[in-house]
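**Student:** The structure follows.
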Amino acid sequence: MAHAGVDIEQTFDAERGVMAGIDAIIGTIRQAAEDDAAWPAMLEHLSDYLGVVEATLGGGIAGAAPEILAPRTDPAQIARYFSTYAPRNMLMRFMLSQSPGQLVVDEAMADFDGFVRDSFYNEWCVPQGYRRGAGLVLTTQNGWTGALMLNSRAPLETDQIARFEAILPTVQQALETNTLLRRFRGLARSSLDVLDLSGQAAILLDGRGLLLDANAGAADLLESGRLVLRQRRLGCADGAADRRLSRLLALCLSAPDHSSGGRLDIPTPQGVLSVHCAPYPGGRLFPSGRRPAVIVIITDPQQKLRRKLLALRQKFGLTAAEAELTLALVETGSRKTAAADRGVSDATARAQLTSIFDKTGVRRQTDLVRLVLESD
């Protein structure tokens, strides 16, 4: 009876270990569904879980270059595969001839003996320890088609195949989620790019109010300090404006279906920014906790002028201080006023203006203003 009790306890321990292993790999797969960067780690975890040398995933959307993830394979070998051996991969051709989702093993091929005699097998597979293989074709409703491949040193055992088949529905769902997320991310990115082309900075925040994405105009504002990020939360240096911005963002997050958002002006040393915040249209369609929840659109009345100044800085080698003085001169028409607005002495402004004249080749303030306003 004692021996029987030990056997039962060992059996329970083994079953608990199997269940823990399944839970762990499923958790890794679900993490990859929402995070592109997590797929290589998931494939490594899958390799360890099934006891194979390498698990690879490759594919793409029709018309786009295919991607292949093989975290344990030398990138040079992957390049050799595409340049030389891909057309000779009899196993891949056999997999593609089967129905999507149908797991196939190499020895099921009609000409398995021919496969192991082929140069692809002996020159590419064997040196890496890929003596046996199994895999399947996977597709998603969003137009992605690819293959998940297991490379092993020995034929897959019944237990390995059973464990692989048990998690395949989770892999399929992860691919569906990931390709859908990529599509929506592309749409969100396009909206940011369109706003950038129209001269407006734009930022997307998630449901916690944390930064998801920003276009080039917004990145410039953050880099210059006219807007700030505190632990990925959007803010500004002016205390009163910062509190108003926080309240407006909280309103958009707490009542996305009942708030059209609002706008406020944020004073900065380089001029006032007009900021409009609103719930992101269509954000709830994203099947993810990282769905965009709020869009922040920032208009800088001086942006066009600043871009002209940037071009002049690059062309004539103006310093940042000289460019700021030039901008202030365009706005005020007075060197003394420009100096006071920037918090520098008139003597400093006079010295900077002399340097600007030398670099640009003009001799009068009116000529400098005309140069700025007429520049492309």
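**Student:** Out of curiosity, is Leu273 modelled with pLDDT of 90 or more, open to solvent by 20 Å² or more (accessible area, probe 1.4 Å) and closer than 30 Å to Asp341 by Cα?
**Tutor:** Values: modelled with pLDDT of 90 or more: yes; open to solvent by 20 Å² or more (accessible area, probe 1.4 Å): no; closer than 30 Å to Asp341 by Cα: yes.
It is false that Leu273 is modelled with pLDDT of 90 or more, open to solvent by 20 Å² or more (accessible area, probe 1.4 Å) and closer than 30 Å to Asp341 by Cα.
**Student:** Let me ask something additional. Looking at Leu204, Leu229, Leu234, Leu212, can you tell me which residue is closer than 30 Å to Ala33 by Cβ, part of a strand (DSSP E or B) and free of Cβ contacts under 8 Å to residues at least 24 places away in the same chain? Give the steps one after another, and end with the answer.
**Tutor:** Details: Leu204 fails: free of Cβ contacts under 8 Å to residues at least 24 places away in the same chain; Leu234 fails: free of Cβ contacts under 8 Å to residues at least 24 places away in the same chain; Leu212 fails: free of Cβ contacts under 8 Å to residues at least 24 places away in the same chain.
Within the list Leu204, Leu229, Leu234, Leu212, the selection yields Leu229.
**Student:** Right, another one. So which residues in segment 163-196 are farther than 20 Å from Pro100 by Cβ and among the hydrophobic types (A, V, I, L, M, F, W, C)?
**Tutor:** Within segment 163-196, Leu181, Phe184, Leu187, Ala188, Leu192, Val194, Leu195 meet the criteria.
**Student:** Moving to a separate point now. Of the conditions (1) in a strand (DSSP E or B); (2) touching a residue at least 60 places away in the same chain (Cβ under 8 Å), Tyr130 fails just one. Which one is it?
**Tutor:** Exception for Tyr130: condition (1).
**Student:** Could you check segment 102-142 and list, in sequence order, the residues that are of a type in the set (A, V, I, L, M) and open to solvent by 50 Å² or more (accessible area, probe 1.4 Å)?
**Tutor:** Ala108, Ala110, listed by residue number.
**Student:** Can Arg335 be described as more than 30 Å from Glu34 (Cβ to Cβ) and modelled with pLDDT of 85 or more?
**Tutor:** It is true that Arg335 is more than 30 Å from Glu34 (Cβ to Cβ) and modelled with pLDDT of 85 or more.
**Student:** Also: I need a count of the residues in segment 229-247 that are open to solvent by 20 Å² or more (accessible area, probe 1.4 Å) and closer than 13 Å to Ile298 by Cβ.
**Tutor:** 0
**Student:** Suppose the filter is within 30 Å of Ala321 (Cβ to Cβ) and touching a residue at least 24 places away in the same chain (Cβ under 8 Å); does Ala219 pass it?
**Tutor:** Working: within 30 Å of Ala321 (Cβ to Cβ): yes; touching a residue at least 24 places away in the same chain (Cβ under 8 Å): no.
So Ala219 fails the test.
**Student:** What is the residue count in segment 94-115 for residues that are over 16 Å from Ala162 (Cα atoms) and out of contact with any Pro (no Cβ under 9 Å at 6 or more places or on another chain)?
**Tutor:** 15
**Student:** Looking only at segment 340-354, how many residues end up being in contact with a helix residue (DSSP H, G or I) (Cβ under 6 Å, 6 or more places away or on another chain) and of a type in the set (S, T, N, Q)?
**Tutor:** 1
**Student:** Identify, from the list Ala328, Ala321, the residue that is of a type in the set (A, V, I, L, M, F, W, C), open to solvent by less than 50 Å² (accessible area, probe 1.4 Å), part of a helix (DSSP H, G or I) and in contact with an Asp or Glu (Cβ under 7 Å, 6 or more places away or on another chain).
**Tutor:** Ala328
**Student:** Among the residues of segment 55-72, what is the count of those that are more than 17 Å from Thr140 (Cα to Cα), touching an Asp or Glu at 6+ places or on another chain (Cβ under 9 Å) and open to solvent by less than 60 Å² (accessible area, probe 1.4 Å)?
**Tutor:** Residues flagged as more than 17 Å from Thr140 (Cα to Cα), touching an Asp or Glu at 6+ places or on another chain (Cβ under 9 Å) and open to solvent by less than 60 Å² (accessible area, probe 1.4 Å) within segment 55-72 amount to 3.
**Student:** Then there is this: Does segment 245-254 contain any residue that is within 30 Å of Ala338 (Cα to Cα) and at pLDDT 90 or above? I'd like the intermediate steps shown before the answer.
**Tutor:** Going through segment 245-254, the residues within 30 Å of Ala338 (Cα to Cα) turn out to be 245.
Now drop any that are not at pLDDT 90 or above, which leaves 245.
Yes, that holds for at least one residue.
**Student:** Give the residues of segment 131-174 that are farther than 15 Å from Ile29 by Cβ, out of contact with any strand residue (DSSP E or B) (no Cβ under 6 Å at 6 or more places or on another chain) and of a type in the set (S, T, N, Q), sorted by residue number.
**Tutor:** Correct list: Gln141, Asn142, Thr158, Gln160.
**Student:** Please pick out the residue among Phe82, Phe94, Phe115 that is touching an Asp or Glu at 6+ places or on another chain (Cβ under 7 Å) and either assigned to a helix (DSSP H, G or I) or not small (Gly, Ala, Ser) (or both).
**Tutor:** Answer to the selection: Phe115.
**Student:** Consider Lys308 carefully, then state whether it is part of a helix (DSSP H, G or I), touching a residue at least 12 places away in the same chain (Cβ under 8 Å), in contact with a Ser or Thr (Cβ under 7 Å, 6 or more places away or on another chain) and of a type in the set (D, E, K, R).
**Tutor:** Against the criterion (part of a helix (DSSP H, G or I), touching a residue at least 12 places away in the same chain (Cβ under 8 Å), in contact with a Ser or Thr (Cβ under 7 Å, 6 or more places away or on another chain) and of a type in the set (D, E, K, R)), Lys308 qualifies.
**Student:** Regarding Glu157, is this residue exposed (fewer than 13 other Cβ atoms within 10 Å of the Cβ), closer than 23 Å to Asp23 by Cβ and not β-branched (Val, Ile, Thr)?
**Tutor:** So Glu157 passes the test.
**Student:** Same structure again: If I ask for residues that are part of a loop (DSSP other than H, G, I, E, B) and among the hydrophobic types (A, V, I, L, M, F, W, C), which ones from segment 143-158 would you list? Break it down into steps so the answer makes sense when it comes.
**Tutor:** Residues of segment 143-158 part of a loop (DSSP other than H, G, I, E, B): 143, 153-157.
The answer is Ala154, Leu156.
**Student:** Being within 35 Å of the chain's Cα centre (by Cα), closer than 19 Å to Arg370 by Cα and either at pLDDT 90 or above or surrounded by fewer than 18 Cβ atoms within 10 Å (Cβ to Cβ) (or both) is the requirement here; does Ala311 meet it?
**Tutor:** Spelling it out, Ala311 is indeed within 35 Å of the chain's Cα centre (by Cα), closer than 19 Å to Arg370 by Cα and either at pLDDT 90 or above or surrounded by fewer than 18 Cβ atoms within 10 Å (Cβ to Cβ) (or both).
**Student:** Please go through segment 57-76 and give me each residue that is assigned to a strand (DSSP E or B) and among the small types (Gly, Ala, Ser), ordered by number. Break it down stepwise before answering.
**Tutor:** Of the residues in segment 57-76, the ones assigned to a strand (DSSP E or B) are 57-61, 67-69.
Matches in segment 57-76: Gly58, Gly59, Gly60.
**Student:** Go through segment 331-372 and report how many residues are open to solvent by 40 Å² or more (accessible area, probe 1.4 Å), closer than 19 Å to Ala311 by Cβ and either of a type in the set (Gly, Ala, Ser) or touching a Phe, Trp or Tyr at 6+ places or on another chain (Cβ under 7 Å) (or both).
**Tutor:** Residues that pass the stated criteria total 2.
The values are calculated or read from the model by the stated rules, or taken from the named source; none is laboratory data. Because the structure is a prediction, the values reported are computed rather than measured. Methodologically, a virtual Cβ is constructed for each residue, glycine included, from the backbone with ideal geometry; neighbour enumeration extends over all protein chains shown. When the accessible area is computed, the model is the full protein with side chains, heavy atoms only, and any ligands, DNA or RNA have been set aside. Shrake-Rupley method; radii C 1.70, N 1.55, O 1.52, S 1.80 Å.
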